[in-house]
There are 2 protein chains.
Amino acid sequence: MIRNLTEQDKEHLQEALVKSGQKVTPQREAVFTVLLAERDHPTVDEVFHRAREVMPGLSLATVYNCLETFVGCGLVRQVNHERESTRYCPNLAPHAHFRDKATGRVHDIELPPEVLKSLRSILPPGFDSEVIEISFHGRAQAGEQHSN
Amino acid sequence: MIRNLTEQDKEHLQEALVKSGQKVTPQREAVFTVLLAERDHPTVDEVFHRAREVMPGLSLATVYNCLETFVGCGLVRQVNHERESTRYCPNLAPHAHFRDKATGRVHDIELPPEVLKSLRSILPPGFDSEVIEISFHGRAQAGEQHSN
DNA sequence: CTTGCAGATTAGACTCATTCTAACTGTGTT
DNA sequence: AACACAGTTAGAATGAGTCTAATCTGCAAG
């Protein structure tokens, strides 16, 4: 089920990589393709297995490297929940995460600017935040399909 | 610098433990004392070393056990930041965490009810959240003393 | 063309927080 | 005293992630 990158996605990848002085490689393309194909917040291991279907020689270390590079140049976000394995998310719009207790699935929750603003406003003066992570943990009713 | 539990804190501990069918033990008292003594979000290892000053035979496994028990009966909260070691926090009021990039220190940030409410409101119908974690990551100006 | 080289990839060793296991302890019960 | 049982303990095991040292790749200089 892994389709190739669209021209647009390819450009996006190339631009971000080159802008931070990195190269486009087949491995990076493969990993990026996997991330865009199924936007379900995969773990490194999941990315690894999916990507190997397309590029059998790919190594786990490379998947770690690629993902780190992508995070570094702002192509994807890391998602951590408690001490579980890190997951990766190519959704760059500001959003929160909802982790379903029952299934373990992670859903993106849109974060309206005014809520983001009210959150920033609780910081006392002198605190300057670059990153805000918001995660919910609970139950999502069966039938909810909201994982992009 | 570790002072004994006040009578009030002792009762608080006992009540919470007994309510969930657990016993008060010297080890649990020691660990709880350490948590209340310095409210700086210690890691398990830090709790371990501090507690051993008071109870030299205490084992790391027991510290893990005690902290897990406390979390289970709602006495303390776990605080996770990326994949760093879990930290523990005896502040039960709703609050967010701010992690200082420079020092690694974690500061509690008060969370006003209306902000909490606006956060809850972004969940689509069908999503029912029990826990919300909010963490900021950035720089706190030197001079800010806000770690309780 | 071939040489050099810098960055990327690779397999496998390593780290380290956390969890597990199995033996032991202490206390309360019959 | 013998038992049961929760709690504690040391040390082994786990597993995500990182590090290392050896290739590999693609490109620029000669």
Item to check | Amide H contacts under 5 Å for A:ASP40, placed H, 5+ residues apart | outcome: none
Checklist entry - What residue among A:VAL54, A:VAL131, A:VAL79 has the largest mean-square fluctuation in a Gaussian network model of chain A, using Cα springs under 10 Å? => result A:VAL131
Item to check | Exposed trypsin sites (Lys or Arg not before Pro) absent: longest stretch of chain B, with sites in DSSP loops and at most 10 other Cβ within 10 Å deemed exposed | outcome: B:24-148
Next on the checklist: Placing the label point 7 Å from Cα along the Cα-to-Cβ direction, what are the distances from A:VAL71 to the equivalent spots in the other copies, shortest first, in nm to one decimal?
Outcome noted: 2.0
Next on the checklist: Just to check I understand the Karplus step: with θ = phi - 60° and J = 6.51 cos²θ - 1.76 cosθ + 1.60, what whole-Hz values come out for region A:110-126, glycine and proline as x?
Outcome noted: 4, 10, x, x, 5, 6, 4, 5, 5, 5, 4, 5, 7, 6, x, x, x
Checklist entry - In a GNM of chain A with a 10 Å cut-off on Cα contacts, which of A:ASP108, A:ASP40, A:ASP128 has the highest mean-square fluctuation? => result A:ASP128
Item to check | region A:93-138: antiparallel DSSP beta bridges as a percent of all, rounded to 5 | outcome: 55 percent
Checklist entry - In terms of the Cα gyration tensor, with a ≥ b ≥ c the square roots of its eigenvalues, is region B:56-148 rounded because a/c is under 1.5, prolate because a/b exceeds b/c, or oblate? => result oblate
Checklist outcome for this item: Shortest first and in nm, the label-point separations between A:VAL54 and its counterparts in the other identical copies (7 Å out along Cα→Cβ) come to 5.5
Next on the checklist: Under a Cβ-only charge scheme (Lys and Arg +1, Asp and Glu -1), can you give me the dipole magnitude of the protein assembly as shown about the Cα centre, in debye to the nearest 20?
Outcome noted: 300 debye
Item to check | Cβ-placed point charges (K, R +1; D, E -1), dipole of chain B about Cα centre in debye, nearest 20 | outcome: 160 debye
Checklist entry - Among B:PRO94, B:HIS137, B:PHE48, whose Cα lies farthest out toward the positive end of the dipole of chain B, if unit charges sit on the beta carbon of Lys, Arg (+1) and Asp, Glu (-1)? => result B:PHE48
Checklist entry - What are the residues whose amide H is under 5 Å from the amide H of A:VAL76, where those residues sit 5 or more places off or on another chain and H is modelled from the backbone? => result A:VAL71
Item to check | Accessible surface of region B:65-148, 1.4 Å probe, proportion on carbon and sulfur as whole % | outcome: 47 percent
Checklist outcome for this item: homo-copy label distances at A:SER121 (7 angstrom along Cα-Cβ), nm, one dp, ascending, are 1.1
Checklist entry - What is the magnitude of the charge dipole of region B:93-138 about its Cα centre, with +1 placed on the Cβ of each Lys and Arg, -1 on the Cβ of each Asp and Glu, and no other charges, expressed in debye to the nearest 20? => result 180 debye
Item to check | Eligible lysines near A:LYS10 by straight Cα distance, threshold 19 Å, same-chain separation 8 or greater | outcome: A:LYS19, A:LYS23
Item to check | Sum of -39500 (n - 2.57) over DSSP H runs of 4+, divided by residues of chain B (222 nm, nearest 500) | outcome: -12000 deg cm²/dmol
Checklist entry - Total Å² of accessible surface buried at the B-A contact, 1.4 Å probe, nearest 100? => result 3200 Å²
Next on the checklist: Restricting to Cα atoms and excluding each atom paired with itself, what does the Kirkwood estimate give for the protein assembly as shown in Å?
Outcome noted: 21.4 Å
Item to check | Relative contact order computed over region A:93-138 (Cα-Cα under 8 Å; 6+ residues apart), in percent | outcome: 51 percent
Next on the checklist: Under 18 Å between alpha carbons, and skipping anything fewer than 8 positions from A:LYS117 in its own chain: which lysines qualify?
Outcome noted: B:LYS117
Checklist entry - Any idea what the relative contact order of chain A is, in percent, if you count C-alpha pairs under 8 Å spaced at least 6 apart? => result 20 percent
Item to check | Among A:PRO124, A:PRO94, A:PRO26: highest mean-square fluctuation, GNM of chain A, C-alpha pairs under 10 Å | outcome: A:PRO124
Checklist entry - For the protein assembly as shown, what is the accessible area per residue in Å² when the probe is 1.4 Å? => result 55 Å²
Next on the checklist: Contact order normalised by length for region B:7-79, with contacts defined as Cα pairs under 8 Å and 6 or more residues apart; what percent is it?
Outcome noted: 33 percent
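The values are calculated or read from the model by the stated rules, or taken from the named source; none is laboratory data. A quick note: this is a predicted structure, and the numbers were derived from the prediction, not measured. Here the Cβ is made from the backbone with ideal geometry for all residues, glycine too, and neighbour counts use every protein chain on show. The area values use the complete protein model at the heavy-atom level, side chains included, leaving out ligands, DNA and RNA. Shrake-Rupley method; radii C 1.70, N 1.55, O 1.52, S 1.80 Å.
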